[in-house]
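Take a look at the structure below.
The values are calculated or read from the model by the stated rules, or taken from the named source; none is laboratory data. As the structure is a computational prediction, the values presented were derived from the model and not from experiment. Cβ placement follows ideal geometry from the backbone for every residue including glycine, while neighbour counts extend to all protein chains displayed.
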Amino acid sequence: MPELPEVETTRRGIAPYLEGAEITEVLVRQWRLRVPVPLDLDQRLIGARVGPLARRAKYLLIPVEQAGGASATLLWHLGMSGSLRIARLGELPRKHDHVDVVFDNGHVLRYHDPRRFGFVDWLQGGEHDDKRLAHLGPEPLSPAFDGNRLYQLSRGRRMAVKPFLMDNAVVVGVGNIYASEALYMAGIDPRRAAGRISLARYELLAQASRDVLAAAITQGGTTLRDFVSGTGEPGYFAQRLNVYGRHGQPCHQCGRELKRVALGQRASVFCPGCQH
């Protein structure tokens, strides 16, 4: 599943081709995504000009303003296997290319999604009004996220620290891959009860979360099987993962065999020597 770095990489990749451009055509080949494509998508988009792209958690926000001054925001989610890339006008679509948005500069924003778990929809009101965004926690790279927040929210919590860190009400976008890597960097066993971790160790974990996400964004996201950036390039961060997907292999630091456990119905790999 594309996680926060993949979505941010996509935003940065497609933004130069979209921002300031006028939409001239909308082609929908498959209407039945996780949320059905709005029937008036073409009516509301054709003739509109795109503003600065934003991201909230794993959602892409694409603001558009029509010639008459009416404005709206497209809310795009990549689901389990979706990707947005830039194509040239006239470039033939591939199988599972479901939506094209055509621009006056000759570029096409093309949505590809084999599993159809993603969607494109309208943002209902502002971020605090839309039920999909209203209860999200802070962005992990923002000043609102720190060790003290993790410490305060974890008091009395018996759940394991890894699913706690992955809770979008606590902080958004720290998915399975990056939670595993951050806990390894902070030396924390993912099985430990969230409420039994000290403030000092949560400060280490918050910084590790920021570091691993920033590194992934810089390197283009993680090479998941289905992920490509907005320009169609694969990510490269997976080549540097320390624990995720490496169970049974030796730890880079101590050489002990990495173990795998299930936490919150997700596989978690950790080092029994370095993480405690």
When you scan segment 152-159, do you find a residue that is free of Cβ contacts under 8 Å to residues at least 24 places away in the same chain and out of contact with any strand residue (DSSP E or B) (no Cβ under 6 Å at 6 or more places or on another chain), even just one?
yes
Residues of segment 164-177 being modelled with pLDDT under 95 and in a helix (DSSP H, G or I), in sequence order, are 176, 177
Restricting attention to segment 23-40, and to residues there that are of a type outside the set (Val, Ile, Thr) and within 22 Å of residue 80 (Cβ to Cβ), which single residue is surrounded by the most Cβ atoms within 10 Å (Cβ to Cβ)?
33
Subset of segment 243-276 [of a type in the set (Gly, Ala, Ser) and part of a strand (DSSP E or B)]:
262, 267, 268
Give me the residue from segment 78-128 that is touching an Asp or Glu at 6+ places or on another chain (Cβ under 9 Å) and of a type in the set (Asp, Glu) and, out of that set, surrounded by the fewest Cβ atoms within 10 Å (Cβ to Cβ).
104
Test: residue in segment 178-188 that is modelled with pLDDT under 95, over 19 Å from residue 148 (Cβ atoms) and not basic (Lys, Arg)
yes
Some residue of segment 131-150 being surrounded by 17 or more Cβ atoms within 10 Å (Cβ to Cβ), modelled with pLDDT under 95 and in contact with a Ser or Thr (Cβ under 6 Å, 6 or more places away or on another chain)
no
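With the structure loaded, tell me whether residue 161 is under 17 Å from the mean Cα position of the chain (by Cα), modelled with pLDDT of 95 or more and of a type outside the set (Gly, Ala, Ser) or whether it fails that test. Don't jump to the end; show me each part of the working.
Numbers: under 17 Å from the mean Cα position of the chain (by Cα): no; modelled with pLDDT of 95 or more: yes; of a type outside the set (Gly, Ala, Ser): yes.
In short, no.
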Of (1) farther than 20 Å from residue 61 by Cα; (2) surrounded by 17 or more Cβ atoms within 10 Å (Cβ to Cβ), residue 171 satisfies all except one. Which?
(1)
Those residues that are touching a residue at least 40 places away in the same chain (Cβ under 8 Å) and among the acidic types (Asp, Glu), I need them from segment 195-217; list them, please.
203
Against the definition (more than 13 Å from residue 189 (Cβ to Cβ), in a loop (DSSP other than H, G, I, E, B) and either modelled with pLDDT under 95 or in the same structural domain as residue 88 (by TED's automatic domain parsing) (or both)), how does residue 221 come out, yes or no?
yes
So, of the residues in segment 51-72 that are in contact (Cβ under 8 Å) with a residue 40 or more places away in the chain and of a type in the set (A, V, I, L, M, F, W, C), which turns out to be surrounded by the most Cβ atoms within 10 Å (Cβ to Cβ)?
62
I'm told residue 47 meets every condition in (1) surrounded by 21 or more Cβ atoms within 10 Å (Cβ to Cβ); (2) on the phi > 0 side of the Ramachandran plot; (3) of a type outside the set (Phe, Trp, Tyr) except one. Can you identify the failing condition by its number?
(1)
